[in-house]
Each structure stands twice: as C-alpha cells, then as structure tokens.
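A.B. asks: Take this structure first; my questions come after.
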Ligand SMILES: NC(=O)c1ccc[n+]([C@@H]2O[C@H](COP(=O)([O-])OP(=O)(O)OC[C@H]3O[C@@H](n4cnc5c(N)ncnc54)[C@H](OP(=O)(O)O)[C@@H]3O)[C@@H](O)[C@H]2O)c1
C-alpha cells in the first residue's frame with residue numbers, strides 16, 4: 001500500500017515541504033491542514049492537493065509532517081493524539097524540540113522523526129539532518145529520507161548532533177549572507193558599481209562552493225591554486241588571517257550550537 005502523506009502547518013517551511021514532496025509523492029497522496037482557511041484555498045488552487053481538518057488529516061495520512069512553530073507544537077500534538085496509532089509516523093521540523101518531548105504527548109509506539117532543515121530547502125538546495133526515535137522502522141525512515149532528498153542534502157545523524165547541525169547548516173546561511181554583503185561592500189570600496197559588486201559577490205560564493213562540490217578537492221587545495229607567490233590573493237588572505245577569519249567562523253558555529261542547546265532545554 002502506498003503511504004498517504006500529510007503536512008500540518010503550511011507556512012514557509014510547510015509549503016517548501018509540499019513543493020519538494022509533490023514530484024515524489026503524487027498530489028493524490030498528499031493532504032494538508034492549516035489554521036487559515038484562505039491559505040488552504042490558495043494551496044488547493046496552486047497545487048491541487050486535498051485540504052483537511054487536523055483530525056481528518058491524522059485519520060487519512062500514514063506519515064504526518066508537522067511544520068508549525070515550536071511554541072504551537074505541544075497543543076497540536078495533544079489535538080492529534082487520540083487519532084494516532086503506531087502504524088503512523090510523525091515527522092517534525094520544529095527547531096529545538098526533542099524527540100522525547102514529542103513522544104511524551106503521543107500514544108505508545110508512535111514513531112517520531114525529527115528533521116533540522118535550513119532555509120535553502122525553499123529552493124531545493126537545503127541541508128537536512130534527520131534523527132529517528134526508537135519506534136521508527138528502518139523502512140519508514142528510508143522512505144522519509146528518500147522524499148526529503150528532493151529538497152537538498154539529507155543525512156541521518158544521532159539526535160545529540162542536531163545542535164551542532166543547527167550551528168552549522170541551520171544558522172550558516174545567515175553567515176554566508178553577511179559575507180556576501182561584506183564582499184560586495186569591499187567591491188564598492190574598491191570602485192565597482194554597487195549592483196555589479198553584489199552580483200559578482202553572489203556568483204563568487206556560488207562558484208567557489210560548486211568548485212569544492214564538483215572537484216571533490218579540499219578547500220585548502222583550491223585556495224592554494226588561486227594564491228600565487230607575491231600575488232593579489234595572498235595580500236587579501238593575510239588580512240583575513242590577521243582578522244582571525246577562520247576562528248571567527250568556528251566560534252560563530254559553536255556559539256549558535258550552544259544557544260540551540262540552551263533553547264532546547
Ligand atoms: N522557515 C525556516 O527556514 C525554518 C528552518 C528550520 C526549521 N524551521 C521550522 O519549521 C517550522 C515552521 O516554520 P515556518 O517558518 O514555516 O512557520 P510559519 O510560516 O509560521 O508556518 C506555520 C504554519 O502553521 C500554522 N499552524 C500553527 N498551529 C497550527 C495548528 N494547530 N494546526 C494547523 N496549522 C497550524 C500557522 O498558522 P498561524 O500563522 O495562523 O498560526 C502557520 O500557517 C518551525 O517549527 C521552525 O522551527 C523553519
């Protein structure tokens with residue numbers, strides 16, 4: 001039997017999940033629920049998917065994605081609990097909410113998968129770390145991972161690593177946005193028109209990331225390849241080293257990971 005898939009909470013992340021899942025789970029197998037009726041009407045027109053009440057969705061779907069804000073999760077789980085059976089799997093994308101905390105609100109043996117996505121999932125270039133609770137079968141986990149691969153890179157990790165994941169790939173896009181902004185400002189300072197400086201900064205970051213990905217070379221090797229003796233790049237790199245660029249980024253990741261742990265309680 002093919003699994004019916006539900007998404008509860010179709011905001012930014014819920015809609016990204018819907019778009020990402022549509023090509024792999026046909027629209028007839030998808031069902032969505034949200035508080036706002038007008039949002040559901042729009043989704044129905046845009047994606048031709050069935051919309052339901054929360055209890056209607058829970059009865060129909062085998063795998064249920066929860067994409068509500070962390071502070072709305074407990075109330076939602078309590079609303080769903082009476083209709084859940086162990087054949088169903090909950091997939092939560094709520095940042096910082098532990099599997100044990102979700103399981104506590106549910107009937108015995110309902111499987112829980114936790115996903116830590118990042119915003120580039122909205123354009124199918126995301127990073128998703130996935131952890132499974134003790135009641136999730138290997139088959140169900142494999143199925144969910146295969147669907148999520150449509151939104152980016154997916155890796156299964158032990159739950160205790162999710163704070164580190166939050167510090168790196170969860171918060172990481174913001175570090176890169178800041179870097180792009182600063183590179184463009186540098187270009188303007190050196191005399192480029194602002195629009196061109198921003199375009200070149202974006203393409204430089206994109207191109208460098210693709211070079212690492214596509215050549216499989218260590219970034220240090222690629223960096224050496226563009227650093228000729230006495231050249232321009234060596235002069236630029238010296239400033240980054242003096243400003244402790246590397247340790248700054250390492251500290252940003254570990255500070256965000258620490259904060260994630262604190263917020264998760
Ligand atoms: N956005 C990201 O890039 C990102 C990245 C990583 C993780 N996440 C996680 O993804 C989750 C969703 O984030 P988001 O930014 O997509 O939030 P969002 O845009 O606020 O979407 C959440 C949606 O769920 C609805 N909702 C809340 N309670 C509900 C209920 N009981 N039943 C049905 N629908 C309900 C909300 O309706 P109302 O607005 O009417 O309350 C809203 O439409 C969060 O837990 C967040 O931690 C998001």
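Please treat every number below as a calculation from the coordinates, not as lab data. Keep in mind the model is a prediction, meaning the values are calculated, not measured.
A.B. asks: With an 8 Å Cα cut-off and a minimum separation of 6 or more residues, compute the relative contact order for segment 5-162 in percent.
C.D. replies: Details: 304 pairs, mean separation 32.7, N = 158.
In percent, rounded to a whole number, it is 21.
A.B. asks: Using only the Cα atoms of segment 210-265, build the gyration tensor, take square roots of its eigenvalues as a ≥ b ≥ c, and label the shape rounded, prolate or oblate: rounded if a/c is under 1.5, else prolate if a/b is larger than b/c, else oblate. Before the final figure, lay out the partial values.
C.D. replies: Details: a/c = 5.41, a/b = 1.80, b/c = 3.01.
Here segment 210-265 falls in the oblate category.
A.B. asks: Distances longer than 14 Å among the Cα atoms of segment 89-141: what percent of all pairs is that? Could the numbers behind the result be given before it?
C.D. replies: Values: 710 of 1378 pairs.
Result for the distance tail: 52 percent.
A.B. asks: Compactness ratio of the chain: Cα Rg over 2.2 N^0.38 Å, N = residue count? Kindly include the intermediate steps, with their values, before the conclusion.
C.D. replies: On the way: Rg = 21.6 Å, N = 265, 2.2 N^0.38 = 18.3 Å.
In units of the 2.2 N^0.38 Å rule of thumb, it is 1.18.
A.B. asks: Additional query: What number, rounded to the nearest 500 deg cm²/dmol, is the helix-based mean residue ellipticity at 222 nm of the chain, given -39500 (n - 2.57) per DSSP H run of at least four residues and division by all its residues?
C.D. replies: Details: 12 runs with 138 residues, N = 265.
When only DSSP H runs of four or more count, the value is -16000 deg cm²/dmol.
A.B. asks: Where the centroid of each part is defined by its Cα atoms, how far is segment 208-265 from segment 67-96 in Å?
C.D. replies: About 38 Å separates the Cα centre of segment 208-265 from the one of segment 67-96.
A.B. asks: May I pose another question? With angles folded into 0 to 90 degrees, how steeply does helix 37-47 sit against the dominant principal axis of the chain? Use alpha carbons for both and round to 10.
C.D. replies: 70
A.B. asks: In addition: Given bins 5 angstrom wide, list per bin the percent of all Cα-Cα distances in segment 5-162, short to long.
C.D. replies: Each 5 Å bin holds this share of Cα pairs: 2, 10, 21, 25, 23, 15, 5, 1, 0.
A.B. asks: Rounded to whole Å, give me the distance from the Cα center of segment 33-62 to that of segment 101-143.
C.D. replies: Using only Cα atoms to place each centre, the spacing works out to 21 Å.
A.B. asks: Another question about this same structure. Determine the percent antiparallel among the DSSP beta bridges restricted to the chain, to the nearest 5.
C.D. replies: Details: 4 of 27 bridges.
Looking only at bridges with both residues in the chain, the antiparallel portion is about 15 percent.
A.B. asks: Can you divide the C-alpha Rg of segment 170-264 by 2.2 N^0.38 Å and report the result to two decimal places?
C.D. replies: For segment 170-264, the normalised Cα radius of gyration comes out at 1.24.
A.B. asks: Pairs of alpha-carbon atoms within less than 8 angstrom and 6+ residues apart define the contacts here; what relative contact order does the chain have, in percent? Before the final figure, lay out each step's value.
C.D. replies: Numbers: 389 pairs, mean separation 38.1, N = 265.
About 14 percent, as a whole number.
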